[in-house]
Each structure stands twice: as structure tokens, then as C-alpha cells.
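Chemist: Dumping the structure here so I can ask a few things about it.
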Ligand code: RIB
């Protein structure tokens, strides 16, 4: 393994997870099954996924000065993520995500709280951290202007950028042009392409950057035309964080110099293992676990 540095700028949430047989309709009350409070946030999840694989991972983000914030920072540190650039803020509480799991699928409402204190000025104050990274990994649970600032700085220092456009929102063409890899799911990809007017050439260029995660249907990416990788079949316990596991695995693999196809295959194995356990980070595998899984499936990378 080469010693490569992955920097994640993004959200750190406490996930409040309820599982139920049936999701109530508006105005209705139902009896649920279980409730758990577990670490989450797309940024933190992706950082943990990369760190568990052995990557030197740095997190830039904000938490509130509350118990959730303290627990989450401690947890990230225990997972091997460098938290020296995670800032506690006084006037907001730590981000939370209210997650309902029913019939193997989930619904998520995020209250960003402290995550919205990741301002462009804060991002700019970490220019040296960005400049010395091999990969910058971003999502959309912090203000869009901060994502734009991070991409601008990465591009200035020729640092590769992976943008996971989730939760999806309309994105400026200038931002997308500076990103190296975009990792939407099918729904996000559709909205991304429909929300912008493209020339044919721009559309083609954008398509080439996309690695589309399609859940149990596999991965689509573009290299000399459209290519597909089928998903690994596993017993699914909880799909929360599958996309984050994919992104952490993809960032790790690209940072090690893998080809696009190898990185997609590797990340797909990371995501498959992640859904076999409960919680966004619960099933995120170590490198040994991914290697054992691939050996078992006769996949050689
Ligand atoms: O991608 C899953 C994550 O989305 C959850 O951990 C939750 O915090 C939300 O950010």
C-alpha cells in the first residue's frame, strides 16, 4: 500500500435510526421496532470507509459543543481519522440525521446544524491541508459555496477531486468542470443532467466523469463507451451508507493508482460488505476483509 493522503471535507452527523415494519402516513402513529443512536454523516462515513482500508485520512468539518459532537470526534479518532481540523462551534448543535428503516430501505431527514459552519473562509484556512492531499473527497451536506471553494483550491494545487453529489441539488457547470470524478446514484445522475443545459460536447465530457452507483444493479462508468460492473450479491441488513462506503473505497483505490475499472470493482466490494451489517459505518470493511471477500468470490484485482 502506498502512503497516500485522502482529505474529506463534509458533514459529521449523529444518526437517530428507527426501524419499523411500516412507515406511518401523515397524521398517523405506528409502533416501531428498534431505535439506535449511531455515528453518520456522508463526510464522516466516507472518511471512516477510507481510514478502515488503511488510507491516511484527514477530516475537515464542524460539530457542536455538545455530547453528540464530542462522541463523534472521539469515534472518528478511534477509527484512525485525523480530526485535528474538525472544529467545535458554539452557536449550533451537531448535525443529526433522522433515519427510518422499513422493508430493507431507508428515508433520511438531515438537520445540518454545525455542518453549515463549514464556510468558504474555513475551507480557505485549510489550503495547505488540501494542497498536500492526493485526493479531495466531497459531498453536498455542507454549503455549496464551501464545496466550490474546496474544488477551486484543489484545482489550483492539482489535487484530484471526487464529488459525491448527494443530497443532489442544481450544481454550477464551472464546479463540475473542475471535478475529476462524479459519483451520483441513478436518481442523482438524472437530476444532475436534467437540471443544466448542456452543449453536446459538455454533456459528453460530463458523462466521462460519472461513476453511477445503481445499488443491486451494479456500477456504470465510461471508458471507451459505457461499461458496467455487476454488483456482488450479499445478504442485505441495512443499505444506509452504501454510497459512502463506495466513495471511501473508490477514493482509496484511485489514490493507490488503480485503473477506473479496478477502482469501481474494489469500491463495489467495499459497498457490498458495508450493507451486511447495521448502521452507516457498521459494516465498513478493513482491507483484509475486502481481500478475503474478493478471494472468496474469485475476483483478482
Ligand atoms: O449516506 C448516509 C448518511 O446520510 C447518514 O449517515 C446520514 O447522516 C446522512 O448524512
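Chemist: Which of these, 31, 206, 14, has the largest mean-square fluctuation under a Gaussian network model of the chain (Cα springs below 10 Å)?
Modeler: 31
Chemist: Among 295, 52, 203, what is the fewest-to-most ranking by other Cβ atoms within 10 Å? Before the final figure, lay out each step's value.
Modeler: Numbers: 295 10, 52 25, 203 13.
Neighbour counts put them in this order, fewest first: 295, 203, 52.
Chemist: A further question follows. For the residues 116, 181, 187, 252, what sequence is obtained by ranking on other C-beta atoms within 10 Å, fewest first?
Modeler: On the way: 116 17, 181 22, 187 11, 252 29.
In increasing order of surrounding Cβ atoms, one gets 187, 116, 181, 252.
Chemist: If you don't mind, another one. Under the Kirkwood approximation applied to all pairs of distinct alpha-carbon atoms, what is the hydrodynamic radius of segment 158-301 in Å? If you can, show how the numbers build up before the last one.
Modeler: Numbers: mean 1/r = 0.0640 Å⁻¹.
By the Kirkwood definition, the hydrodynamic radius is 15.6 Å.
Chemist: Then there's this: So if I take the centroid of the Cα atoms in segment 260-278 and the same for segment 184-237, what is the distance between those two points in Å?
Modeler: Cα centroid of segment 260-278 versus Cα centroid of segment 184-237: 16 Å apart.
Chemist: Taking the Kirkwood radius as the inverse of the mean 1/r across Cα pairs, report the Rg/Rh of segment 1-42.
Modeler: My calculation of the ratio gives 1.28.
Chemist: How are the alpha carbon pair distances in the chain distributed across 20 Å bins from zero to the largest one, expressed in percent?
Modeler: That works out to 36, 59, 5, in percent per bin.
Chemist: Principal axis extents for segment 27-177, Cα atoms only, whole Å, descending order, please.
Modeler: Here the spans come out as 53, 35, 34 Å, largest first.
Chemist: Also: Suppose R0 equals 45 Å. What FRET efficiency, 1/(1 + (r/R0)^6) with r the Cβ-Cβ distance, do residue 67 and residue 261 give to the nearest 0.05? Walk me through the numbers before you get to the answer.
Modeler: Values: r = 44 Å, r/R0 = 0.98.
Working from the Cβ atoms, E equals 0.55.
Chemist: While we're on this one: Let me know the volume per residue of the alpha-carbon convex hull for segment 77-160, in Å³.
Modeler: 137
Chemist: At q = 0.28 Å⁻¹, what is the base-10 log of I(q)/I(0) for segment 234-301 according to the Debye formula with one equal point scatterer per Cα and no solvent? Please give it to two decimals.
Modeler: -1.24
Chemist: Still on this structure, I have one more. If each residue's Cβ is checked for other Cβ atoms within 10 Å, how do 75, 157, 117 rank with the fewest at the top?
Modeler: Working: 75 18, 157 13, 117 22.
Fewest-to-most Cβ neighbours within 10 Å comes out as 157, 75, 117.
Chemist: Test of understanding: what is the full-extension gain from residue 25 to residue 191, defined as 0.36 nm times their sequence separation minus their Cα-Cα distance? All intermediate terms of the calculation are to be shown ahead of the outcome.
Modeler: On the way: separation 166, 0.36 × 166 = 59.76 nm, distance 2.63 nm.
Result: 57.1 nm gained on full extension.
Since every read-out is calculated from the coordinates, none of them should be taken as a lab result. This structure is a prediction, so every number in the text was calculated from the model and none was measured. Reconstructed Cβ throughout: ideal geometry from the backbone, glycine too, with neighbour counts over all protein chains shown.
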